[in-house]
Amino acid sequence: HMCMYVCGTASEFDRDSAFHFLFPPWQCSRKNRVPTLFSSTFSSLSPNQQPFQLSHGTTTLGFIFQDGVIAAADTRASCKGLICCPISQKIMPIHSHLVVNTSGSSADCMLWEWILTHEMRLYQLRHRKRLSVNGAAKLLSTMLHPFKDQNTKNVLSTFGGRSGPRVCYVCSDGLQLKGEIISVGSGSPYAYAVLDDGWRWGMTVDEAVALAREAVFRATHWDAYSGNNVDLFHITAHGWRRRDREDLKEEYYRERERKSKKIKEREKERQKREGDELGEGDIYSVHCG
Amino acid sequence: MEYLIGIQGPDFVLVAADNVAASSIIQMKHDYDKMFKLSEKILLLCVGEAGDTVQFAEYIQKNVQLYKMRNGYELSPAAAANFTRKNLADYLRSRTPYHVNLLLAGYDETDGPGLYYMDYLSALAKAPFAAHGYGAFLTLSILDRYYRPDLTREEAVDLLKKCLEELNKRFIMNLPSFTVRLIDKDGIHDMEKLPVGPK
């Protein structure tokens, strides 16, 4: 019956306006269908339709480098068009060396974080050693399998004893990936662009923190569903350390100021260079032909 | 969006799979291995829905290894293929069907090399060459034209390269690299990854 409503709209256009030339007939649409060329042009018609499946209103990321793992996330929890909570916490420490970022429905995320924490603690008590990150990812993946439709995604960031820094992506549809840079959420394409550009294995801690911060900042600028503050965790062999939560609103104005200062400096330099060139010769010299 | 291809020669099977692990429009990983080693001379290539591939392939993998542990000898490729098909068919009409497309390639001492094509409806066919994915539409006719039952290894690799060049030229998705493996009487050999440069 969703199909019929849609067809009704199309025929109204046919009768009343010239729009029927622009819009080909609607296709019957399931909720999560693969987008086609036609459907992307209709995103202006229905406000909740998206050009491709934008996975959840958040930006979280994790990457490894020579001195551990950085996990960063924004703090905005949105519900369609409303910001439910501007100061939510999306990165949850599981134990001293494992941190998980989640995206998806906040309630589901909190539940799975809690379940994972207590399952890992049980494992540690039973087997007298900590579960490795691969094991934790497999455990989470197996636990999520019966809830495939739930649509939560998790990034597990850890610094293991033998395995070193590891970051792992677990999705409720079953996809499980290990990598060097992972980003999840509606702001992830923007974050990937910044991370791919600036990531090197040999980064210093300051460079890595700055990169993560910038990635989240750019994503929050362009993505409506990410924003407010940025949380950053740095995990090393000694455990995780949390950087103070930073409000990104200020960062936008600071960057604007920095850019305008830079433009002024370049303008001055350019004028100075032109002044020098003019001053080199007499104005009545051969240059004036 | 994913691509699998297999070519059977007189005494070997050549298989290749792309290396992209994607989620919506993002390539999350560029070096993802879609091949699962069932035994010393059997490979299972698996593509399809995100979680189902790994779950199903690992299930089959562990069961084949369990057979070896229990009975002391390995399943032949034909037996493994039929076992896989039976499992897929059983799950098909359950509440949790697995949406996976498979290629099973193996070498048997008595029967020689074998390439088995299986799709998500658990149709099984032994074929001299096969491909899965949208890329199959572009490459099956190339395989048709140039395949001969008595290909040498070099000729098979050249045929594979022809297919991948065509993909690079006409396929809308960018598939930058492919894992290539060859199975013969000595087991599974990794061949160099084929990066086909843009034309």
*Among the listed residues A:Lys138, A:Lys129, which satisfies the condition of being assigned to a loop (DSSP other than H, G, I, E, B) and modelled with pLDDT of 85 or more?*
A:Lys129
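Can you tell me which residue among B:Phe56, B:Phe137, B:Phe83 is in a helix (DSSP H, G or I) and within 15 Å of the chain's Cα centre (by Cα)?
Details: B:Phe137 fails: within 15 Å of the chain's Cα centre (by Cα); B:Phe83 fails: within 15 Å of the chain's Cα centre (by Cα).
Exactly one residue qualifies, and that residue is B:Phe56.
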_Residues satisfying the stated conditions in the stretch B:79-124, i.e. of a type in the set (A, V, I, L, M, F, W, C) and touching a residue at least 40 places away in the same chain (Cβ under 8 Å)_ = B:Ala80, B:Ala81, B:Val100, B:Leu102, B:Leu103, B:Leu104, B:Ala105, B:Leu115, B:Leu124
*Within the stretch A:199-211, is even one residue surrounded by 22 or more Cβ atoms within 10 Å (Cβ to Cβ), modelled with pLDDT of 90 or more and touching a Lys or Arg at 6+ places or on another chain (Cβ under 9 Å)?*
no
*asked:* I'm trying to understand the selection: among the residues of the stretch B:19-29, which are more than 9 Å from chain A (Cβ to nearest Cβ) and at pLDDT 90 or above?
replied: B:Asn19, B:Val20
*When A:His221 is evaluated against the numbered criteria (1) in the same structural domain as A:Gly164 (by TED's automatic domain parsing); (2) more than 13 Å from the chain's Cα centre (by Cα); (3) part of a helix (DSSP H, G or I), which criterion, by number, is the only one it fails?*
(2)
_Here are the criteria: (1) surrounded by fewer than 16 Cβ atoms within 10 Å (Cβ to Cβ); (2) modelled with pLDDT of 85 or more. Tell me which single one A:Gln50 does not satisfy._
(2)
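The values are calculated or read from the model by the stated rules, or taken from the named source; none is laboratory data. Worth saying up front: this structure is predicted, and the values here are computed from it rather than measured. Here the Cβ is made from the backbone with ideal geometry for all residues, glycine too, and neighbour counts use every protein chain on show.
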